[in-house]
Number of protein chains: 2
Amino acid sequence: MEVKIVKKVLDANDTMAEENRKLFRDKNVYVLNIMSSPGSGKTETLVKSLARLEPELKTAVIVGDVCTTNDADRLNVTGTHAVQVNTDEFGGDCHLAAHVIRKAALDLDLESIDLLIVENIGNLVCPAEFDIGEDSRVVLLSVTEGEDKPLKYPVMFKLCSGAAVLNKVDLLPYLDFNIDEAEDNIKSINPDIPVFRISAKTEEGFDDWLSWIKDVVKSK
Amino acid sequence: MEVKIVKKVLDANDTMAEENRKLFRDKNVYVLNIMSSPGSGKTETLVKSLARLEPELKTAVIVGDVCTTNDADRLNVTGTHAVQVNTDEFGGDCHLAAHVIRKAALDLDLESIDLLIVENIGNLVCPAEFDIGEDSRVVLLSVTEGEDKPLKYPVMFKLCSGAAVLNKVDLLPYLDFNIDEAEDNIKSINPDIPVFRISAKTEEGFDDWLSWIKDVVKSK
């Protein structure tokens with residue numbers, strides 16, 4: 001019974017995701033769905049990335065959290081248009097679903113946007129199962145979290161169609177973290193995925209990471 | 001429809017949790033449910049804590065992950081008895097439910113255990129909603145994750161009946177993290193909760209944290 005209902009929810013989500021995908025294609029907007037654990041640095045990475053992309057790309061962000069508008073407040077200072085979605089309105093959902101993205105997207109001026117970034121809720125399990133109509137997914141992993149996270153949360157890393165980002169590399173000298181092993185673990189789950197090593201704090205590694213974003217947006 | 005089914009699942013879980021609670025009371029076992037984001041240091045904290053508790057308390061651990069037995073392998077070297085539960089057998093569940101804990105607990109020699117620790121799946125949203133029959137809950141937050149996590153994940157911090165632990169304080173000199181603000185945020189959600197500041201790496205703060213565990217176990 002429970003399994004059947006879950007399947008029904010996911011089927012309905014997939015249908016709405018396809019409608020979103022059509023809408024974004026019609027408006028010529030590239031959509032990136034960014035996912036990670038809580039506290040891996042999604043917002044800081046976006047704050048720094050969008051400030052540097054802004055001259056070339058018109059961007060907007062839909063940012064999901066169970067509670068608070070902290071992240072949208074931080075993002076709005078970059079010149080992007082950030083819209084906060086709080087899932088406590090929907091019962092404290094642990095992921096962003098396609099219908100939530102549709103509602104938020106229709107409030108944006110899609111005609112004037114090249115790149116829409118969805119900053120998903122901090123959670124390495126549930127968001128992976130919900131297609132929101134994105135063009136690609138980016139999974140962020142902080143080097144403070146341990147090398148084995150790709151093996152422990154394989155669905156998230158396997159379904160990541162865009163790129164994997166290892167963040168907070170400025171902390172490596174103070175950690176017992178083997179970054180090559182972490183990258184090997186990612187590649188063992190998803191062999192062809194590009195992996196970027198960055199620090200949102202120092203912007204180390206940002207040239208390659210931002211080039212990748214610009215390339216995928218242009219390729220649409 | 002979906003909401004009704006979710007309520008039914010949670011009601012069934014609560015019933016099983018009460019049965020677990022009765023079982024643990026009959027066997028005189030104190031049960032701690034430890035929750036956090038992925039990579040906050042639950043396993044390392046337990047490895048170091050259990051090695052020091054072992055002379056005074058007989059312990060066992062049920063450790064949950066979607067995949068891998070890495071954590072149980074790490075815990076078993078401490079002398080505790082660690083049992084790994086992988087939720088990919090149950091469709092990749094993002095939390096440990098009461099019936100899963102019951103099945104794992106019945107494989108343990110409960111008569112010989114004083115303290116059973118459940119290391120929940122790394123996730124700050126879903127595990128909070130599932131009573132597993134524990135005596136109290138501990139939420140762990142790494143200081144690498146940002147001060148506002150208690151405000152973003154209030155259900156987890158509000159329903160935490162035991163203690164909150166701020167881990168990885170050895171990294172504070174390299175972070176822009178205000179630990180007093182983090183503690184204030186925890187207390188704004190859950191005013192009476194004790195908060196411990198520890199480093200699982202250096203064992204800083206362990207005396208108070210381990211005293212607290214010994215006191216709650218004795219109080220049962």
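The values are calculated or read from the model by the stated rules, or taken from the named source; none is laboratory data. It should be emphasised that the depicted structure is a prediction, and the values quoted were computed from it without experimental measurement. A quick note on method: Cβ atoms are made from the backbone with ideal geometry, for glycine too, and the neighbour counts reach across all protein chains shown.
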Can you tell me how many residues in region B:134-167 are in a loop (DSSP other than H, G, I, E, B), within 14 Å of chain A (Cβ to nearest Cβ) and among the hydroxyl-bearing types (Ser, Thr, Tyr)? 2
With the structure loaded, tell me whether B:Val143 is within 18 Å of the chain's Cα centre (by Cα), closer than 22 Å to A:Asn86 by Cβ and in contact (Cβ under 8 Å) with a residue 24 or more places away in the chain or whether it fails that test. no
Kindly indicate whether any position in region A:52-75 is over 30 Å from A:Pro154 (Cβ atoms), surrounded by 21 or more Cβ atoms within 10 Å (Cβ to Cβ) and among the hydroxyl-bearing types (Ser, Thr, Tyr). yes
Quick one: how many residues across region A:179-220 are assigned to a helix (DSSP H, G or I) and not small (Gly, Ala, Ser)? 21
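Just to be sure before I move on: is A:Lys187 closer than 23 Å to A:Leu57 by Cβ, of a type outside the set (A, V, I, L, M, F, W, C) and surrounded by 13 or more Cβ atoms within 10 Å (Cβ to Cβ) in the structure I sent?
So A:Lys187 does not fit the description; no.
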Is it fair to say B:Ser37 is touching a Gly at 6+ places or on another chain (Cβ under 7 Å) and at pLDDT 95 or above? yes
Looking at region B:35-82 only, could you name the residues that are charged (D, E, K, R) and within 14 Å of another protein chain (Cβ to nearest Cβ)? B:Lys42, B:Glu44, B:Lys48, B:Asp65, B:Asp71, B:Asp73, B:Arg74
Cβ-Cβ below 7 Å, separation at least six or inter-chain, first residue in region B:73-98 and small (Gly, Ala, Ser), second at pLDDT 90 or above and part of a strand (DSSP E or B): which pairs? B:Ala82/B:Val61; B:Ala82/B:Val63
Answer yes or no as to whether B:Leu57 is closer than 28 Å to B:Gly146 by Cα and in contact (Cβ under 8 Å) with a residue 24 or more places away in the chain. no
Quick one: how many residues across region A:144-167 are in contact with an Asp or Glu (Cβ under 9 Å, 6 or more places away or on another chain) and farther than 17 Å from B:Asp65 by Cβ? 7
Filtering region B:83-107 down to residues that are at pLDDT 95 or above and more than 29 Å from A:Asp93 (Cα to Cα) yields B:Ala105
Being in a helix (DSSP H, G or I) and either under 14 Å from the mean Cα position of the chain (by Cα) or of a type in the set (Asp, Glu) (or both) is the requirement here; does B:Asp176 meet it? no
Give the residue that is surrounded by the fewest Cβ atoms within 10 Å (Cβ to Cβ), with candidates limited to residues of region A:83-98 that are within 11 Å of chain B (Cβ to nearest Cβ) and of a type in the set (D, E, K, R). A:Asp88
Cβ pairs under 9 Å, 6+ apart, first in region A:1-22 and within 11 Å of chain B (Cβ to nearest Cβ), second exposed (fewer than 11 other Cβ atoms within 10 Å of the Cβ) and modelled with pLDDT of 80 or more: none
